[in-house]
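Single-structure report; data block below.
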Amino acid sequence: MIKVMLKDGSSIDIEEGSSILDVAKKISEGLARVATCGEVDGEIKDLRYILNKDCSLTIHTFDSSLDGKKAYWHTTSHIMAQAVKRLFPDVKFAIGPSIDEGFYYDFDIERPFTDEDKEKIENEMKKIIKEDIAIERFSLPKSEALELMKDQPYKQELINELPEGEEISFYKQGDFTDLCAGPHLESTGKVKYIKLLTSSGAYWRGNEHNKMLQRIYAISYPKASQLEEYLQLLEEAKQRDHRKIGKDLELFMTHELVGSGLPMYLPNGATVRRLLERYIQDKEIEMGYSHVYTPSLANVDLYKTSGHWDHYKDDMFPVMKFDNEELVLRPMNCPHHMLIYRSKMRSYRDLPIRIGELAHDFRYESSGSVCGLERVREMCQNDAHLFVTPEQIKSEFAQVVKLILSVYEDFGFKDYTFRLSLRDKDNKEKYFDDDQMWETAESQLREILTELGLNFYEAKGEAAFYGPKLDVQIKTALGHDVTISTCQLDFLLPQRFELEYIGEDGKAHRPVVIHRAILGTFDRFMSFLIEETKGAFPTWLSPLQVKVLPISDSQVEYSKEVEKQLKAIGVRVKVDDRNEKIGYKIREAQLEKVPYMLVIGDKEIEANAVAVRSRKDGDAGQMKLEDFVCKIKQEIDTKAR
RNA sequence: GCUUCUAUAGCUCAGUAGGUAGAGCACUGCCAUGGUAAGGCAGGGGUCGCCAGUUCGAUUCUGGCUGGAAGCUCCA
């Protein structure tokens, strides 16, 4: 036996010849509290241990502190569970993990929590913290674990799924014991500042067919200032919400007479959208795309042919029946484009064929998920379908990725991730059933991405029903993870629509289809752009680029001349000739986020100049009118940010 | 769709323990002609989201519907 000394003075016994894993396991079992989390200089930090050659252990703090935070939040979640148990003895516990920021716990309880309940729970938690109850870890064989949790059906379900023969670990703090893998802090008193955030329903195991439980989200920190900072951050995110900015800047509106998920673009928002539409179409034309217009309605048989009907009909608006016709609003544009491809004989010399469209699609999004411009029921896609030979897949896919990267560069977007969205093999209903086809498509796509040197992660069950996708994911102000761009590989629809091209050998071959959307939908893209820029769009995209502000009415005439000259080079400009003080006009223009304000007084008239004020940097001094015209023209032409 | 919350002037929000409402901003008029984020005075504007029920009486209480919010499910 070797005695291993720990830095805190305690020791454990280890058998000679033990593997490092055995040692680590023993340490984490026996001394989890010490070995995985502790207090350093008053702050909770994660601790790591190193087994030295002489069998002594060195414990040191772990910098990234992520694991430390997790233990901190997870411990707080147990405190919350204990508080709920004290207040509602009949409660059944589900799970209570730590998340990116904070933690939640799901409870099965007679009635939903009210605000008063939450206040009581928070107070009870504070009591438990004050009691500073020691947290102890122990483990049991499966049968005893089940016996211990005999009143907790959800915990029993979890225990039953753990592998046979392994000891099951629990954490106990006073009168409360929870099934848990840890790690945890030493005692409840280590938690300092807590705040319950929101409560809502959540399905057991995230399955809508299961019972809905009551979830409480909460956060905790060792310092009051950290909690304050976090709440501040939440408040800032609220200010950045595209729905708030969209209202303030008159970008879009909704009306109950129009309906949920059906926003209307106001002149300001419509200007931004028009510029985005032109921007992306111009880029596509440069890259060899041809654009088409196709109807938003189609015969339902079109979607039966494509396979959308089987996989997608629940998300579509209901069929409109007439004498002998059944029409539907389209949820996507692929079938229309397939028919355009098939409208004439195609040669391998014609490929790749790139068909693009700014197309309106209609999806019956569930009422709980519609959200401003982010999730709507009528959307406009920046869609295109590339018809390629198998040999062209790689280069065409690479071209799309290049286009995505160049667009993100133009807008200066940095916080996005690439997701390789694969099917879930076990969910036969959701995906077209052809293992061979899926394996080819998925492995080919993975190969392409690896070759492109793209940093991506894989997600099972996120594919389209017809094939795997490369999605570009971003996080919204509210923290939703949503897709902007997407590029999808499809071997199915060419088969469904019997697409062909004549190859070099004079025989018919089947093309492959690449579906792609760069801005995704204009609606969602706008919502993202609004949140990224906080409504202060770069000059080239601003609904109003320049506001000319005469100080008094004697300068109105000259101001109109300035306006005329700017209009002549296509600048969106307005004179504010209202009878108001200059400070008032500036304040208003500033709140409207107009990039440039030109203050015009007698001095400017005399010098044939303008006094430039930028939205960003304030007063920039006087400038010759012609110099300003040059400056703003260049800024617009280069799409400067 | 599910759970909870929510709806008062164009906007942001007070308020009425059940007796038909108020502020600031915005809007209109007048005065002030003002040099880098709100000048002064006056005025107009609401069947208190919609439909039922309880009540002598409902904006207020109850139910339903519609819209909105958070989360879950689903998704560009």
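Values in this text are rule-based calculations from the coordinates and carry no lab data. This structure is a prediction, so every number in the text was calculated from the model and none was measured. When we count neighbours, we look across all protein chains shown, and the Cβ atoms used for this are built from the backbone with ideal geometry, even at glycine.
The figures follow:
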{"item": "Amide proton proximity set for A:Ser296, modelled H, under 5 Å, gap of 5+", "result": "none"}
{"item": "Peptides A:265-273, A:144-152 ordered by average Cβ neighbours within 10 Å, highest first", "result": "A:265-273, A:144-152"}
{"item": "Computed lengthening from A:Ala607 to A:Ser225, 0.36 nm per intervening residue step minus Cα-Cα distance", "result": "132.2 nm"}
{"item": "Under 5 Å, built H, 5+ apart or other chain: amide partners of A:Leu197", "result": "A:Tyr217, A:Ala218, A:Ile219"}
{"item": "Counting all C-alpha pairs of chain A, share separated by more than 44 Å (%)", "result": "42"}
{"item": "Theoretical gain in end-to-end length, A:Asp310 to A:Ala620 [0.36 nm per residue, Cα-Cα removed]", "result": "105.4 nm"}
{"item": "Rh (Kirkwood; distinct C-alpha pairs) - the stretch A:136-252, Å", "result": "18.1"}
{"item": "Per-residue HN-Hα couplings for the stretch A:287-295 [Karplus 6.51, -1.76, 1.60; θ = phi - 60°; Hz; x = Gly/Pro]", "result": "8, x, 8, 10, 9, 10, 10, 9, x"}
{"item": "Kirkwood hydrodynamic radius (C-alpha pairs) into Stokes-Einstein, the stretch A:368-429, 25 °C and 0.890 mPa s, D in µm²/s", "result": "159"}
{"item": "Taking all pairs of distinct alpha-carbon atoms in the stretch A:409-481, Kirkwood radius in angstrom", "result": "13.4"}
{"item": "A:Lys70, A:Lys238 arranged by Cβ crowding within 10 Å, fewest neighbours leading", "result": "A:Lys238, A:Lys70"}
{"item": "Distance in nm between pseudo-label sites at A:Glu429 and A:Arg349 (7 Å out along the Cβ direction from Cα)", "result": "5.1"}
{"item": "Spatially proximal lysines relative to A:Lys507 (Cα-Cα < 19 Å; intrachain offsets below 8 disregarded)", "result": "A:Lys344"}
{"item": "For A:Lys155, A:Lys127, A:Lys574, order by how many other beta-carbon atoms lie within 10 Å, fewest first", "result": "A:Lys127, A:Lys574, A:Lys155"}
{"item": "Label-point gap, in nm, between A:Gln281 and A:Asp415 - each point 7 angstrom along Cα→Cβ", "result": "3.3"}
{"item": "Shape category assigned to the stretch A:288-437 from the gyration tensor of Cα positions, a/c cut at 1.5", "result": "rounded"}
{"item": "Among A:Ala536, A:Gln156, A:Thr305 the positive-end extreme of the charge dipole of chain A (Cβ point charges)", "result": "A:Ala536"}
{"item": "Beta bridges by DSSP in chain A, antiparallel share as percent, to the nearest 5", "result": "85"}
{"item": "Ranking of A:Ser542, A:Ser169 by count of other Cβ atoms within 10 Å, fewest first", "result": "A:Ser169, A:Ser542"}
{"item": "Residues with amide H under 5 Å from that of A:Tyr203, placed H, sequence gap 5 or more", "result": "A:Leu213"}
{"item": "Cα-Cα P(r), the stretch A:512-568, percent of pairs per 10 Å interval", "result": "18, 29, 22, 19, 8, 3, 1"}
{"item": "Cα gyration tensor category, rounded, prolate or oblate, for the stretch A:465-576 with a/c compared to 1.5", "result": "oblate"}
